[in-house]
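Here is the structure we will look at, set down as structure tokens.
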Amino acid sequence: MSVNQSIKPITSEVKNNHLIVGGCDTVELAEKYGTPLYVIDESTLRKVCKEYVDAFKAYPNATVLYASKALATSAIFKIVTQEGLGLDVVSGGEIYTAYKAEIDMSTLMFNGNNKQEWELEAAVDVGVGRISADNFHDIELLGKISKSRNKAVNILLRITPGIDCHTHEYIQTGHLDSKFGFDLTQVDEAVKLVTSDYPLITIKGLHAHIGSQIFDTAGYIDEAKILANELARLNKEYSLNLSELNLGGGLGVKYTHEDNPPEIGEVADVVINTLSGEFKNLGLKNIKLYIEPGRSVISTSGVTLYTVGAEKQVPKGAKYISVDGGMADNPRPSMYQAEYTCDAANKMNNPKEELVTIAGRFCESGDILIKDIKLPSLVPGDIICIYNTGAYNYSMASNYNRVQKPGMVLVNNSQSDIIVYRETLEDLISQDNIPDRLK
Ligand code: LLP
């Protein structure tokens, strides 16, 4: 089974009625580090990285880039790059994190629809390997920056292939009415602009991303065909030597029992077979391939531990169990109606006899983490473990209600290490300023 097809980290087991992850008792982790607590299982993360690298070995020249927007921390960058992945970054902050973690900058690809001038300057200065130009503004800024530094810059052109990938509307990015990338009707103008005005910029190839939490491999087939044909057309019409394709990320994960994402290997096979066929027909050779998965790399490795507090039984209605976190550490249920599953980490073998709703502690009725789930009878102090929270939880967390963001620990072989410190009350006010006239 592919890691993205598992709801829980691969090291999950039950001992003495407790949930164990990475050899660590999650109830002890909750006690030691406090809750809410993000826990990342190193074995699961390394396994999925290996799976990706192995699956794309069948292609002669493929690089897997971890889409760091899913979870960008220094330790995570260390692990994924040790496993041979590069990084897809989308901000000066992600570049800085990678730089300070001493990641090889040439393995970075910088994406985004409104990269700031200082971010592009930083990317060029530290030697980020590829920049995906999303629009004319990017090209003009890069033209200026490359000229002022007399430095060559390698770009891909991000295009919008016009694919509806049947996922939640907010996380579709490759359809035509999208803020991302050049529409297919604008690509020629972009090529002409670069080749005529900016001698230090080299267009290495094309980039697209069709969406996120994708279960249907058909979208990748369409995307691969469109990109391969577009690359061949541009090479022919403009006598270019484009030789790189980046198909983006998007492979889904199994949040609940209803989710059935394809295996990583299946997606790799589909992509490799489609591209090989297209390249042969089009007479293209030695095309480098990038893919940039985020969620499917990190999601399954992560769980979040919460402590049960108040409960409310609505007369003739739902039973709410409130935990000490919620929409500020996991905004996905309230933003996307995302569904998760959980266990009572200290009552793993107890019969699941109560239908409850897991509510967050934030001041909004919509702050519900899981609606209607069967769990053992719970009391204050019990530990809830929500699975599959590695992606887009910490990275989208906020300080709503002035609540400190949770810490994160890495577990492996019965050892736990902090990789992100829990915020303190001091951290919360550290950026505040009281002007003199208010004192
Ligand atoms: N490449 C590009 C250009 C992207 O825009 C994205 C995600 C990825 C790669 C990685 O996609 P993944 O493999 O993680 O699906 N916050 C949302 C997801 C937003 C995804 C944005 N772009 C969520 O929590 O579901």
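Per-structure values
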read-out	value
Strands (runs of 3 or more DSSP E) contained entirely in region 250-339, each with at least 3 residues that are surrounded by fewer than 19 Cβ atoms within 10 Å (Cβ to Cβ) and of a type in the set (D, E, K, R)	none
Hits in region 230-249 - residues which are of a type outside the set (Asp, Glu), in contact with a Leu (Cβ under 7 Å, 6 or more places away or on another chain) and not in a loop (DSSP other than H, G, I, E, B)	Leu231, Ala232, Leu234, Asn235, Leu245, Asn246
Region 117-139 residues that are closer than 20 Å to Ile103 by Cβ and outside the structural domain of Ala67 (by TED's automatic domain parsing), paired with ones that are of a type in the set (Val, Ile, Thr) and surrounded by fewer than 18 Cβ atoms within 10 Å (Cβ to Cβ) (beta carbon under 6 Å, 6 or more apart)	none
Out of Thr160, Thr107, sole residue that is surrounded by 14 or more Cβ atoms within 10 Å (Cβ to Cβ), modelled with pLDDT under 95 and either within 16 Å of the ligand (Cβ to nearest atom) or not assigned by TED's automatic domain parsing to the domain that holds Tyr66 (or both)	Thr160
Only listed residue being in contact (Cβ under 8 Å) with a residue 40 or more places away in the chain, within 22 Å of Lys405 (Cα to Cα) and either of a type in the set (S, T, N, Q) or crowded, with 24+ Cβ neighbours inside 10 Å (or both), chosen from Val39, Val64, Val48	Val39
Odd one out for Leu65, checked against (1) within 30 Å of Val21 (Cα to Cα); (2) in a helix (DSSP H, G or I); (3) in contact with a strand residue (DSSP E or B) (Cβ under 8 Å, 6 or more places away or on another chain)	(2)
For Ile291: the one exception among (1) out of contact with any Leu (no Cβ under 7 Å at 6 or more places or on another chain); (2) under 22 Å from Thr217 (Cβ atoms)	(1)
Index of the failed condition, Ile210 passing every other in (1) over 30 Å from Tyr340 (Cβ atoms); (2) under 26 Å from the mean Cα position of the chain (by Cα); (3) modelled with pLDDT under 95	(1)
Any hit, region 183-204, residues being at pLDDT below 95, farther than 28 Å from Tyr96 by Cβ and not in a helix (DSSP H, G or I)	yes
Pairs, first of a type in the set (Lys, Arg) in region 85-110, second part of a helix (DSSP H, G or I), C-beta under 9 Å, six or more apart	Lys100/Ser74
Filter pass, Val80 being in contact (Cβ under 8 Å) with a residue 60 or more places away in the chain, touching an Asp or Glu at 6+ places or on another chain (Cβ under 9 Å) and within 16 Å of the ligand (Cβ to nearest atom)	no
Those residues of region 205-229 which are assigned to a helix (DSSP H, G or I), within 16 Å of the ligand (Cβ to nearest atom) and either over 19 Å from Lys288 (Cβ atoms) or of a type outside the set (Phe, Trp, Tyr) (or both), in sequence order	Gly219, Glu223, Ala224, Ile226, Leu227
Set Gly283, Gly277, Gly309, Gly326: member being modelled with pLDDT of 95 or more, of a type in the set (Gly, Ala, Ser) and within 16 Å of the ligand (Cβ to nearest atom)	Gly326
Residue check for Val379: more than 16 Å from the ligand (Cβ to nearest atom), crowded, with 20+ Cβ neighbours inside 10 Å and assigned by TED's automatic domain parsing to the domain that holds Ala345	no
Given (1) within 16 Å of the ligand (Cβ to nearest atom); (2) free of Cβ contacts under 8 Å to residues at least 40 places away in the same chain, number of the condition Asn241 does not satisfy	(1)
Unmet requirement for Thr26, which otherwise passes all of (1) within 26 Å of Gly129 (Cβ to Cβ); (2) surrounded by 21 or more Cβ atoms within 10 Å (Cβ to Cβ)	(1)
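So that you can scan it fast, the table gives a plain yes or no per residue for (1) among the aromatic types (Phe, Trp, Tyr); (2) under 22 Å from Asn154 (Cα atoms):
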| site | (1), (2) |
| --- | --- |
| Asp188 | no, yes |
| Tyr198 | yes, yes |
| Lys204 | no, yes |
| Ile221 | no, no |
| Glu244 | no, yes |
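The values are calculated or read from the model by the stated rules, or taken from the named source; none is laboratory data. Just so we're clear, the structure is a prediction, and the values are computed from it rather than from any experiment. Glycine gets a Cβ as well: all are built from the backbone with ideal geometry, and neighbour counts include every protein chain shown.
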